[in-house]
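What follows is a single structure, written as C-alpha cells, with notes after it.
Each reported figure results from applying straightforward, stated rules to the coordinates on display, with no laboratory input. None of the values given here were measured: they were computed from a predicted structure. Here the Cβ positions follow ideal geometry from the backbone for every residue, glycine too, while neighbour counts run over all protein chains shown.
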Amino acid sequence: MTWKLTGDRPIWQQLTEQVTLRILTGEYPPGGRLPAVRELAAQAGVNPNTMQRALAQLEQDGLAVGSRTAGRTVTEDAAVITAAKEERARAAAKAYLEALAALGYGPGDAGRLIEEEGQQNG
Amino acid sequence: MDENIVTCAGLVKAYGPKRALAGVDLELGRGKIVGLLGPNGSGKTTLIKLLCGLLRPTAGTVLVDGKPVGPETKALVSYLPDRMYFADWMKAEDLLKLFADFYADFDWHKCTAMCDRLGVGPKDRIKTMSKGTKEKLQLALVMSRKAQLYLLDEPIAGVDPAARDFILNTIINNYNEAGTVVISTHLIGDIEQVLDEAVFLKEGQVVLHDAVDAIREREGKSVDALFRETFRTAAWEGGTI
C-alpha cells in the first residue's frame, strides 16, 4: 500500500486515516509493533512531527498503545478494531448513498443495485 | 539557550535604493522544518544570507540562538548556498576534509555513508559530476553537521523529481532533531508535506507565518494553492496596446 496525500485537508488527518486502514486490514496486526515515527515518516515522505501527531491521534482512538520512546504497538482489543471497522464501513455506505442520491436514486434503488452487483460477482 | 533559534525584528536590507527586505519580523522555534516561500526576488536569499552572516543588516536586528550574528552563531549554522562554491578540480574527499577542518560538528562517517548511497567515490572530481549529483553531494556535506540551524537555499531547484525525493528524504532523515531546518524555495508542491511551518515572503516582508496543517485546515486548500493565489500576477491577455 502506498501513501496518498491530497491538498485539501491537513496532512496529519490523512496519515491517521491511512495508518488506521492498515490496522483494520491487518497489515499491522493486533498486538504487533508499529514502525517507528521516523521510519513511517520517511516511507510517507512527510515531516516526522506530522507523523508523530497522526500516531498520537491513533492512541486517542484506542487503536495504538505505547509511547514514543518504547515504541507503539497495535491494540490487542478486538472490540476496538471491530468498532473502527464498522465505522469505516458505515462511512463508505454513506458516501455510496450520497453518490446515488446525486443521480436521483433513492435508498431502495441502492439496495437493489448492491444485490445485483453481488450476484454478478458471484 | 534562547527559546527561539531565529529572531528578526524590523529587519531591513537595502541594496542602494532597492530594499530587498523591508522590515521583517520573524521568530522561528526549534526542532522544526520551515519553508521560506516566495517568488523570485521576494528576499528569500537575502534573509538567509543575513542569518549566516554573509550580509550585514541595513537596519533592525537579527539574532541566532539569541545572539547577534557572529563567529559564535556561525558555528551553529549549516548553510547550503544557492550555487556551488567549490572549485571544480576538487575531489569529493577534498570537500570532506575541508568540512572536517572547518566544523567541529561534522560527522565524517555519516557523510561518507551518504556519498556511498549517492554513488560518489572519494576520488571523484566535482568536474565530472552531473548537476544533480553536485547538489546531492553538497547537501550530504551540509546535513552531516550536527547544527542548530540548517539554512538550505533552493536545495531542489533544477534537479529531476527522483533527485528531489532523495534530497527531501535526506533532509527528513538527517537533521538534528533539536535543530531547525529552513528551506527556501518556490517549488512548494514538492516540499509541502515535509514542512512544519510555512513563511510567505512578499516584496521583502513576511505576509504569512503559520503551521502547514493549520493553513490547510483554515483554507481548505494546500499551501501550494494558497501561494498561487497570494502571488498571482495577471498575465497580459493580448490585444492591442
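Here are the numbers for this structure:
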read-out: Convex hull of the range B:169-227 built on C-alpha atoms - directionally averaged projected area, nm²; value: 4.5
read-out: Column: log10 I(q)/I(0), Debye, Cα scatterers of the range A:2-122, q = 0.09, 0.10, 0.13, 0.18 Å⁻¹; value: -0.34, -0.41, -0.64, -0.95
read-out: Where N is the number of residues in the range B:120-217, Cα Rg divided by 2.2 N^0.38 Å; value: 1.18
read-out: Binned Cα-Cα distance frequencies in chain B - 10 Å width, integer %; value: 7, 31, 34, 21, 6, 1, 0
read-out: The range B:94-158 - Rg (one decimal) and Dmax (whole number), Cα, Å; value: 11.6, 33
read-out: Length-normalised contact order of the range B:1-158 in % [C-alpha pairs under 8 Å, at least 6 apart]; value: 24
read-out: Violating pairs (Cα-Cα greater than 23 angstrom) within the set B:Lys134/B:Lys202; B:Lys49/B:Lys74; B:Lys97/B:Lys134; B:Lys18/B:Lys74; A:Lys4/B:Lys44; B:Lys44/B:Lys123; value: B:Lys134/B:Lys202; B:Lys18/B:Lys74; A:Lys4/B:Lys44; B:Lys44/B:Lys123
read-out: Per residue convex hull volume, Cα atoms of the range B:36-163, in Å³; value: 120
read-out: Helix-only CD estimate at 222 nm, as mean residue ellipticity for chain B, using -39500 (n - 2.57) per DSSP H run (n ≥ 4); value: -9500 deg cm²/dmol
read-out: Residues in the range B:28-46 reached by a label modelled at B:Arg218 [backbone nitrogen below 20 Å; 7 Å Cα→Cβ]; value: B:28-30, B:32-39
read-out: Choice from B:Asp105, B:Asp196, B:Asp88 with maximal GNM fluctuation in chain B (Cα, 10 Å cutoff); value: B:Asp88
read-out: Beta bridges per DSSP with both ends in chain B, % antiparallel, nearest 5; value: 55
read-out: Packing-based ranking, highest mean first, of B:4-15, A:41-52, B:153-164 given that Cβ atoms within 10 Å are counted; value: A:41-52, B:4-15, B:153-164
read-out: Relative contact order computed over the range B:100-241 (Cα-Cα under 8 Å; 6+ residues apart), in percent; value: 16
read-out: Radius of gyration and Dmax over the Cα atoms of the protein assembly as shown, both given in Å; value: 24.5, 78
read-out: Label point at A:Val80 placed 7 Å out along Cα→Cβ; residues across the range A:1-44 whose backbone nitrogen lies under 17 Å; value: A:16-35
read-out: Equivalent ellipsoid semi-axes - Cα gyration tensor, the range A:60-109, angstrom; value: 37, 11, 5
read-out: Tilt relative to chain B, helix B:161-174 - C-alpha long axis, 0 to 90 degrees, to 10; value: 80
read-out: Straight-distance crosslink candidates among lysines, where the alpha carbon sits under 17 Å from B:Lys127 and sequence neighbours closer than 8 are dropped; value: B:Lys91, B:Lys136
read-out: Value of relative contact order over the range A:42-122, rounded to a whole percent, pairs C-alpha under 8 Å and six or more apart; value: 12
read-out: log₁₀ of I(q)/I(0) at q = 0.21, 0.27, 0.29, 0.33 Å⁻¹ - the range B:84-123, Debye sum with one point per alpha carbon; value: -0.67, -1.01, -1.09, -1.17
read-out: Distance between the range A:25-74 and the range B:168-241 - C-alpha centres, whole angstrom; value: 27
